[in-house]
Amino acid sequence: MRITFVGHNEVYAAEQSLLALFPEEKLTYGPPEPADTRWAVLSMEEREGRCRFTTELHWDGNTAVREWSETLSGTDYENEGLRRRCLGKSVFLAARDAAGIAPAWGSLTGVRPAKVAAKLLRQGAEPEEAVRRLEEEYYVTHDRAVLAAEAARAGLDAAAGLSRRDIAAYIGIPFCPTRCAYCSFVSSSVERSLRQVEPYLEALLEEVRAAGELTRRHALRVRAFYMGGGTPTTLSAGQMDRLLTAFESAFDLSACAETTIEAGRPDTIDPEKLAVLRRHGVTRVSVNPQTMEDRVLRAIGRRHTAADTRRAMEQVAAAGFQHVNMDLIAGLPEDTPEGFRRSLDECIALGANNITVHTLSLKKGSTILTEGLRIPPAEAVAEMLDYAAPTLRAAGYAPYYLYRQKYMSGSFENVGWCRPGGENLYNIYIMEELCSILSMGAGGSTKMVGPADRRITRAFNLKYPQEYIARPEKWQANQAEFAAFYAEE
Ligand code: SF4
């Protein structure tokens with residue numbers, strides 16, 4: 001689709017809106033060529049404190065022109081949001097009229113659809129009122145509006161327990177046994193980078209010690225700790241023991257309510273590693289089969305089987321963790337609605353008290369795109385998700401966090417479901433941007449949440465293990481920024 005901007009240059013917001021509505025379109029910029037059948041002109045006009053966006057959309061012979069306007073009545077930051085909202089609504093209405101689409105999330109194109117519901121609830125709306133307004137003002141379907149209101153409620157409950165100097169801590173282990181076909185993460189496969197694991201750990205221990213000191217110096221309370229990746233359990237039992245020992249002695253964890261370790265690939269789990277995690281008080285592990293269909297696992301290059309997942313879950317149960325999560329993905333190559341159903345039913349039967357249902361996101365650089373793997377159509381993905389929600393509800397799970405990504409099949413969502421008391425605070429904190437996150441390790445993204453307007457400042461660690469090891473000055477600069485952020489108060 002060819003896009004022309006008039007009176008503005010809101011490329012990011014336009015892409016976010018258009019790709020949420022037309023995830024398979026390739027966007028190019030400039031005036032339409034005579035041969036183009038899909039093109040849009042996005043115009044903005046601001047006059048006397050009002051902003052008006054007009055979208056003229058041409059879609060395979062159909063044309064629609066729709067506009068939306070708002071009064072710019074807030075701070076600069078809030079007005080930026082209002083402009084993006086105008087753009088999103090005009091694009092949505094034009095897309096609905098010209099292309100006949102009615103996406104589940106309506107005109108909501110952002111990563112965090114529960115945020116709108118949370119704002120309504122904070123303003124005093126009852127959940128039913130928030131649901132109604134999401135349906136009427138944002139064209140969200142009833143099911144999704146209910147999901148958003150429930151996730152927002154869980155977010156507000158989590159926020160109520162936080163004070164200004166509460167933070168979460170994250171450690172990233174950027175290694176995996178093999179690379180999955182849908183992955184765009186910079187995770188290095190251990191087969192190719194085994195030599196890097198030990199020097200990476202040494203560099204990481206140094207960062208962890210400095211980070212712990214920083215949090216003590218500024219009287220910051222770690223409320224939740226999460227180790228993700230990659231696959232943290234690619235570390236050996238001894239390496240994991242060293243890392244967790246260093247973390248515990250560096251940080252004051254007396255207010256930390258939970259510790260989560262992603263044990264994502266079942267083929268990296270064994271009783272010895274699980275015993276180390278239990279000894280260190282880990283409260284939650286995440287075993288992520290993605291599917292229980294061996295054919296699909298082969299197609300996505302996971303190199304483990306459903307039998308490995310069953311074995312891993314038996315070992316996890318025997319180790320006695322308080323909470324266990326399993327991740328599934330709807331829309332994987334070679335999967336079908338029946339296959340997804342079998343996978344979900346089995347995860348429930350295996351006893352996980354958290355089940356996270358992702359929708360496949362087609363990320364640039366993933367093998368799915370580079371090798372053109374066959375994926376189920378959006379209708380099949382919708383069928384999978386339509387099965388997931390009522391099935392999980394009937395089994396006693398409720399949604400507690402939700403987010404969306406770019407390029408998602410059918411433009412749906414990822415939802416964390418749990419049984420009562422199984423909410424993972426870290427996931428809520430990060431998705432609802434409730435507190436700062438101090439991230440350690442290659443690729444770590446530290447977030448600082450502003451006290452007044454909750455504006456987010458980010459500081460990124462270097463991505464690749466090699467550069468992270470070679471240039472500690474980058475994480476040192478990030479920690480200095482984090483310290484300065486809290487020293488100002
Ligand atoms: S386990 Fe996760 S991080 Fe590792 S290759 Fe697969 S998708 Fe990527």
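Derivation of every value follows stated rules applied to the coordinates shown; laboratory data play no part. Quick caveat, the model's predicted, so the values are computed rather than measured. All Cβ positions, glycine included, derive from the backbone under ideal geometry; neighbour counts span all protein chains shown.
Counting other Cβ atoms within 10 Å as a rough exposure proxy, the listed residues 60, 386 run 60, 386 from fewest neighbours to most.
Extending 7 Å from the Cα toward the beta-carbon at both residue 314 and residue 275 defines two label points whose distance is 1.8 nm. The share of C-alpha pairs in region 161-479 whose separation exceeds 35 Å stands at 17 percent.
On the basis of the beta-carbon distance and an R0 of 22 Å, residue 473 and residue 218 show a calculated FRET efficiency of 0.60. The fewest-to-most ranking of 283, 109, 260, 141 by surrounding Cβ atoms within 10 Å reads 141, 283, 260, 109. Among beta bridges from DSSP that stay inside region 1-104, the antiparallel ones total about 75%.
Remark: spin-label model distance residue 257-residue 71 equals 3.9 nm, labels positioned 7 Å along the Cα→Cβ axis.
For trypsin sites (Lys or Arg not before Pro), no site in region 393-449 is both called loop by DSSP and has at most 12 other Cβ atoms within 10 Å. Here's the picture: a label point sits 7 Å out from the Cα of residue 349 along the beta-carbon direction, and within region 283-325 the residues with their amide nitrogen under 13 Å of it are 292-293, 307, 310. Span-like helix check, the chain: qualifying full DSSP H segments, with Cα axial length of 30 Å or more and mean Kyte-Doolittle of -1.0 or more, are 76-99, 190-217. Calculated mean residue ellipticity, 222 nm, the chain: -13500 deg cm²/dmol, from DSSP H runs (n ≥ 4) at -39500 (n - 2.57) each, averaged per residue and rounded to 500. Counting only DSSP beta bridges whose two residues both lie in region 161-479, roughly 35 percent are antiparallel. Taking label points 7 Å from Cα along the Cα-to-Cβ direction, residue 162 and residue 27 give a separation of 2.9 nm.
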